[in-house]
Amino acid sequence: MAAAKKRTISGIEDVRDRKAKVIKDSGEKRHIAALILARGGSKGIPLKNIKVLAGVPLIGWVLRAAVDSKQFDSVWVSTDHDDIEKVAKAWGAQVHRRSPEVSKDSSSSLDTIQEFVRLNPEVDVICHIQATSPCLHPFHLKEALEMITKQGFTSVFSVVREHHFRWQEVKKGGSVATQPLNLDPSNRPRRQDWDGELCENGSFYIYTRAMIERGLQGGKWAYYEMLPEYSVDIDVDIDWPVAEQRVLRFGYFGLDKPEVVRLLLCKVSGCLTDGRVLISVSGEEMVSVNTRDTMGIRMLQREGVEVILISSSEDPVTKALADKLSQRTGCEVRQLGKDIQGEVKAMMDDKDLDWKEVAYMGNDAPDVDCLNLAGLSAVPRDAPVVAINAAKYSCHSAAGLGAVREFSEHILLLKKKAKSQMEQDRIHRNTF
C-alpha cells in the first residue's frame, strides 16, 4: 500500500523470541491487546487526553481506530483519572486503573506497561498506541500487526520520513563552530535527490510479552513507515489548531461513510435555541434563534439533506411557535413523546432510512440512545456529560449560539471529504 512502507532494522533473535515463534507456529492464537496510556497529570495541556479535538475527545480518535481495526482481542486505556476513565469506556475501551507507583511525573511508559502485563497474564502482544496521534487509521494498525503475527517480528514501531538538515548544538556564548551532522554543506542535495531520514513519530509501538519483560524494543525488530500527513503529535497548546485542521483532512471518522447522510434531526430546545423560553405578560412564549444556525440549516438543505426540528414532551413547543420556526427555517417541526428512539425509528421507516443515513443533534439524557445509534451525532458545548459521552461530535459553540451551524458545517465537510475519496478511488480504478 502506498500509505506505508515496512522495513527490518535488526535480525537478532534470542531464546525467548524463538519460543514465541514456536507458540505461534503451533497454531495457538495469541491474545493481542491495544493499550493507550492516559495519565491525568499532563503538564503541557491539563487533561489533554480528553480535550476535544475537532469535535472528538483526543483519546477518542485512536480508540475509534483501534476498535474499528478489528485486530485486537481487547482494547485498554491505562489511567489514574476518573474523567478519563469515563471517556475511555464511552469509546469502547476497558480500563486499567494504574497504581500510584506508576502514576508519578517520573514514571516511564515501560513501568506502566509492565504493570499492565503483570495484571493481565493472558496478553501475549501489546500494541502501545499514543493518545496524541489522532490521524491514526485502522489500516496502519492492521499492516503493522501483521509484521508481528505473520512475519515473525517481535517489536515494530511507527516512523515518518523527514527531510531536515541537522547541525551540532553549541552552547550559547561559546566560540566553538557548529558542525553539520547529516549533510555536506558544499554539496547540499535537493530534496528530491535525498531520501531523508526515518524518525519515530510516536504513533504506536508493538511488542511481544518477551520484549516487554526485557525493556520493550529489541529482538527481531522492524519499523513501519507512515506518510507525513498521518504523523501528528500534540504536546503543547500551539499544536492544537494545527492538529485540528490536519485531523479534519486526514483523520479517521469511522466505518460508516458520511456521504450517505440524508436527514438531520435537531432538537429545538437546547440545540437550536439556548433552552430558555421567554413568556410575555399576555402569556405568549418566545425563543431566540441565531441567524448563523438558520443559515447552517439552509446550507444542508441546498446539499439535499432534509432537516426536521424536534421537541419532546419534556420541552414542548407550542403550535404557534412551531409554525414560526417552520416558517423561519423552512423545516418541519415535530412533537415527539417520551419514547424518542421509537418515534425516530418509525419516522426513519416511513422515509426508508437506516441509522447510518441519519444525523442527530441532541442535548440531554433522553437523547443518548439516538446519539449512539445515528451515523453522525452532536451536542452543543454546554450539554451535560451524559450526552457529550454519547455523541460522536462535541461542538465548540453553545446551544443557540452557532452549535447547529457548526454541526452543519461538520456534516458538509465529511460529505465533501467522502466524495473526494470516492473520486480518487474512481481515478485509481480507471488508471490501473
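Taking the condition of being over 30 Å from D354 (Cβ atoms) and under 26 Å from the mean Cα position of the chain (by Cα), how many residues in the stretch 264-279 meet it?
0
Of all residues being closer than 23 Å to E357 by Cβ and in contact with a helix residue (DSSP H, G or I) (Cβ under 7 Å, 6 or more places away or on another chain) in the stretch 288-300, which is most open to solvent (accessible area, probe 1.4 Å)? Just the residue, please.
M299
Any idea which residue in the stretch 32-87 is farthest from S133 (Cα to Cα), counting only those that are part of a helix (DSSP H, G or I), open to solvent by 10 Å² or more (accessible area, probe 1.4 Å) and of a type in the set (A, V, I, L, M, F, W, C)?
Across the stretch 32-87, the extreme among qualifying residues is V87.
Out of (1) in contact with a helix residue (DSSP H, G or I) (Cβ under 7 Å, 6 or more places away or on another chain); (2) among the charged types (D, E, K, R); (3) more than 19 Å from L376 (Cα to Cα); (4) surrounded by fewer than 16 Cβ atoms within 10 Å (Cβ to Cβ), what's the single condition that is false for E303?
(3)
Tell me, please, whether a residue that is aliphatic (A, V, I, L, M) and within 20 Å of S74 (Cβ to Cβ) can be found in the stretch 154-167.
Scanning the stretch 154-167, I find at least one residue that is aliphatic (A, V, I, L, M) and within 20 Å of S74 (Cβ to Cβ), so the answer is yes.
Starting from residues that are polar (S, T, N, Q) and touching a residue at least 40 places away in the same chain (Cβ under 8 Å), keep the ones in the stretch 34-83 and report whichever is nearest to A398 (Cα to Cα).
Result: N49.
Against the conditions (1) open to solvent by less than 30 Å² (accessible area, probe 1.4 Å); (2) assigned to a loop (DSSP other than H, G, I, E, B); (3) among the small types (G, A, S), where does A322 fall short? Just the number, please.
It fails just one condition, (2).
Checking the conditions here, which among Q130, Q151 is within 17 Å of the chain's Cα centre (by Cα) and either under 26 Å from T208 (Cβ atoms) or surrounded by 20 or more Cβ atoms within 10 Å (Cβ to Cβ) (or both)? It would help to see each step written out before you state the result.
Values: Q151 fails: within 17 Å of the chain's Cα centre (by Cα).
Of the residues listed, the single one that is within 17 Å of the chain's Cα centre (by Cα) and either under 26 Å from T208 (Cβ atoms) or surrounded by 20 or more Cβ atoms within 10 Å (Cβ to Cβ) (or both) is Q130.
Among the residues of the stretch 88-108 satisfying the criterion of being basic (K, R) and outside any helix (DSSP H, G or I), which is surrounded by the most Cβ atoms within 10 Å (Cβ to Cβ)?
Residue satisfying both the conditions and the ranking: R98.
Working carefully through the options E314, E244, E343, E285, find the one that is open to solvent by 30 Å² or more (accessible area, probe 1.4 Å) and at pLDDT 85 or above.
Going through E314, E244, E343, E285 in turn, just one is open to solvent by 30 Å² or more (accessible area, probe 1.4 Å) and at pLDDT 85 or above: E343.
Might you check whether a residue that is in a strand (DSSP E or B) and either buried (at least 16 other Cβ atoms within 10 Å of the Cβ) or modelled with pLDDT of 90 or more (or both) occurs anywhere in the stretch 215-222?
Narrowing the stretch 215-222 to residues in a strand (DSSP E or B): 221-222.
Then keep just the ones that are either buried (at least 16 other Cβ atoms within 10 Å of the Cβ) or modelled with pLDDT of 90 or more (or both); that gives 221-222.
Looking for residues that are in a strand (DSSP E or B) and either buried (at least 16 other Cβ atoms within 10 Å of the Cβ) or modelled with pLDDT of 90 or more (or both), one finds at least one in the stretch 215-222, hence yes.
Looking at the stretch 326-418, what strands (runs of 3 or more DSSP E) fall wholly within it and have at least 3 residues that are free of Cβ contacts under 8 Å to residues at least 60 places away in the same chain?
332-335
When only residues in the stretch 357-382 that are open to solvent by 10 Å² or more (accessible area, probe 1.4 Å) and under 20 Å from the mean Cα position of the chain (by Cα) count, which is nearest to P316 (Cα to Cα)?
V368
Output the qualifying pairs, or none if there are none: Cβ atoms under 6 angstrom, residues six or more apart or on different chains, first residue in the stretch 298-322 and more than 18 Å from K267 (Cβ to Cβ), second residue at pLDDT 80 or above and part of a helix (DSSP H, G or I).
Qualifying pairs under 6 Å: M299/S408.
Taking the condition of being modelled with pLDDT of 90 or more and open to solvent by 70 Å² or more (accessible area, probe 1.4 Å), how many residues in the stretch 263-282 meet it?
0
With the structure loaded, tell me whether Q168 is over 32 Å from the mean Cα position of the chain (by Cα), more than 30 Å from C395 (Cβ to Cβ) and modelled with pLDDT of 90 or more or whether it fails that test.
yes
The values are calculated or read from the model by the stated rules, or taken from the named source; none is laboratory data. It should be emphasised that the depicted structure is a prediction, and the values quoted were computed from it without experimental measurement. We place every Cβ from the backbone using ideal geometry, glycine too, and count neighbours over all the protein chains shown. Surface accessibility is based on the protein's heavy atoms, side chains included, excluding ligands, DNA and RNA. Shrake-Rupley method; radii C 1.70, N 1.55, O 1.52, S 1.80 Å.
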